[in-house]
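To start, the structure itself, in structure tokens.
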Protein chains: 2
Amino acid sequence: MKILDGKLVREQSLPILIERIKNLSFVPCLAIIQVGNRPDSDAFIRAKKSFATKLGIKNIHIQLDEKIEQDKVLEVINKYNGDSEVIGIIVQLPLPIHLNSEIIIDAISPSKDVDGLTPLNIKRLVDGHDEAIIPATARGIRQLLKFYNIDLFGKKVTVVGRSTLVGKPIALMCLNENATVTVCHSKTQNLEEETKKADVLIVAIGKPNFIDRNHIRKGQIVIDVGISRQLDNSLTGDVNYEEIKDMVDMITPVPGGVGQMTVLAVFENLVDLCYYRNNSN
Amino acid sequence: MKILDGKLVREQSLPILIERIKNLSFVPCLAIIQVGNRPDSDAFIRAKKSFATKLGIKNIHIQLDEKIEQDKVLEVINKYNGDSEVIGIIVQLPLPIHLNSEIIIDAISPSKDVDGLTPLNIKRLVDGHDEAIIPATARGIRQLLKFYNIDLFGKKVTVVGRSTLVGKPIALMCLNENATVTVCHSKTQNLEEETKKADVLIVAIGKPNFIDRNHIRKGQIVIDVGISRQLDNSLTGDVNYEEIKDMVDMITPVPGGVGQMTVLAVFENLVDLCYYRNNSN
């Protein structure tokens, strides 16, 4: 069994990314807009800011009051849409429920949409467009697989989970990579049968240790997108790693797998946006 | 074996649609923008215009020169975006290659996007949003299945074909209907194995008679999206109907199946847009 080591891939990818940043004629700046102060959002933002610093990328962290009006959020986004110093804009999700996420995300200029969640980028992902900015988890998985020379062409991929932010973008990315893709979810009958058929099984359902030996056959590649904190404060994925690790061919650990790739992918997206901008000038 | 009769469903759905139109406080108008004069586009537009007339819907057919500049096309679209009489806008595809389809489609106001191809509507389809305008073929199939009380919930659906206009919207629609969905295409290994596993097999690859008895098992429901004209001038689908009709449980004929539903779905979309507009006023 081989571990697909997200930490290693991230470390090895860093120098290349830093080189691409150095070759730019400007220092990119990322604006992160946060509404409220959810602890999980705080942690994700901290990770992005620290990674930005490591890469020599400027960042602006805008913290807005939890009860802010929608129009005020849109004003902030428009300000950074018009600020030529700012290359990328992230609105940290989830937003408080009084805000309309669709309208707020749609307000981000697609050419600054680091998360790939604006309608134009989603459409480009559906189209398989060359310059689609792909949501970070999907892009991170693609990069991890490429590092280990796992080509999805013609492979059978089963994605468990169909969220808009994670499951569906992963499925579309795999389809664009020429895999035969099956999407399973809570309404799927015979999940075990579906998961066993996969050459590559990607799990993104947010249920700790849900996938066990009953779902697995020998020789599979398993990508675990889940990450949940357990009562004993340890982190675990959607896959029962200990139970299946000796059956599978390759597997991502949690932590140290997909999560490592996701933050990297945000900045790969940002640097792509820099180059697209240069090309269109 | 039962025939899923698109013509019948369309006829039975018409009175309900006409009733919805009568209940509006205005007569809807559809603008169809055509660039050039491809014979296939001519035929599709003719079908839409004649159906519009049948429904008591006004239509404007704008024929633009094949060599028109992109900015001029955008001007025409903007004119109808701003025309409150016009409820829906269709840009007939494909466009001549000197035009950028992405930019042109994106110029249509999402609130007039009868074909459901603007980025916002594609994103809403991905999201499973209640007010997504679903591309006509996908919506037509959904309506056909509902008419025959075929509930996709928990069913295994295999979609063969992954085009942006047809295959992918169908797959996303089925996923939103809670099916377990597999998307196959030209790079799929063991296609026969994949198609046989389906409860509902939907074929949209544009290869006449491609699916034959080797791809089918008894008891399946088969939806044939293809339609090609043969040398003898007859129409045929992607499925070899004669060869498999006695094996399957239900099947759409060609012609008289999905094609009938597609034109209907365009106008179901148009009438939805009328009601969304009323609600937002």
* To do: State, as an integer percentage, the relative contact order of chain B based on alpha-carbon contacts under 8 Å between residues 6 or more apart.
  => 21
* Taking 7 Å along the Cα-to-C-beta vector as the label spot, tell me the B:Lys196-B:Phe153 distance in nanometres, rounded to one decimal. => 3.1
* Structure fact -> Between B:Val160 and residues 5 or more places away or on another chain, the pairs with built amide H atoms under 5 Å apart involve B:Cys184, B:Ile202, B:Val203, B:Ala204
* Asked: What are the label-to-label distances in nm, one decimal and shortest first, from B:Asp246 to the same spot in the other copies, with labels 7 Å along Cα to Cβ?
  -> 5.4
* **Coordinate range along principal axes, alpha carbons of the range B:191-281, Å, largest first** => 54, 34, 20
* Asked: Taking the radius of gyration and the Kirkwood hydrodynamic radius from Cα positions alone, what is the Rg/Rh ratio for the range A:119-185, to two decimal places?
  -> 0.94
* To do: Before anything else, pin down the relative contact order of the range A:131-200: Cα pairs under 8 Å, at least 6 apart, normalised by residue count, whole percent.
  => 36
* So how do B:Glu192, A:Glu85, A:Glu19, B:Glu268 line up by other beta-carbon neighbours within 10 Å, fewest first? -> A:Glu19, A:Glu85, B:Glu192, B:Glu268
* Asked: If you find the alpha carbon centre of the range A:188-235 and of the range B:186-200, how far apart are they in angstrom?
  -> 23
* Asked: What is the mean number of Cβ atoms from other protein chains located within 10 Å of the Cβ atom of each residue in peptide A:173-183, rounded to a whole number?
  -> 5
* Asked: According to the square roots a ≥ b ≥ c of the eigenvalues of the Cα gyration tensor, what is the shape class of the range B:24-117, taking rounded for a/c under 1.5, prolate for a/b larger than b/c otherwise, and oblate for the remainder?
  -> oblate
* Asked: Once the principal axes of the Cα atoms of chain A are found, what is the range along each, listed largest first in whole angstroms?
  -> 53, 41, 36
* **Per-pair calculated FRET efficiency, R0 = 35 Å: B:Ser163 and A:Tyr275 via Cβ, rounded to 0.05** => 0.75
* Quick one: check the C-alpha center-to-center distance for the range B:239-281 versus the range A:52-105, whole angstrom. => 41
* **Over 28 Å (Cα to Cα) - which of A:Lys2/B:Lys168; A:Lys49/A:Lys156; B:Lys58/B:Lys207; A:Lys156/B:Lys218; B:Lys112/B:Lys156; A:Lys168/B:Lys58 fall in this group** => A:Lys2/B:Lys168; A:Lys49/A:Lys156; B:Lys58/B:Lys207; B:Lys112/B:Lys156; A:Lys168/B:Lys58
* **Label spacing, shortest first and in nm, from A:Asp212 to its equivalents in the remaining copies (7 angstrom along Cα→Cβ)** => 4.7
* Structure fact -> Most packed first (mean Cβ within 10 Å per residue), the peptides A:221-227, A:248-254 order as A:221-227, A:248-254
* Asked: Separation between the A:Leu93 and B:Asn209 pseudo-spin-labels, each 7 Å from Cα along Cα→Cβ, expressed in nm?
  -> 4.7
* Asked: What's the Kirkwood radius of the protein assembly as shown in Å, using all Cα pairs?
  -> 25.2
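Laboratory data are not the source of any read-out in this text; all were calculated from the coordinates shown. Since the structure is predicted, the reported quantities are computational estimates derived from the model, not experimental observations. Every residue, glycine among them, receives a Cβ derived from its backbone with ideal geometry; neighbour counts consider all protein chains shown.
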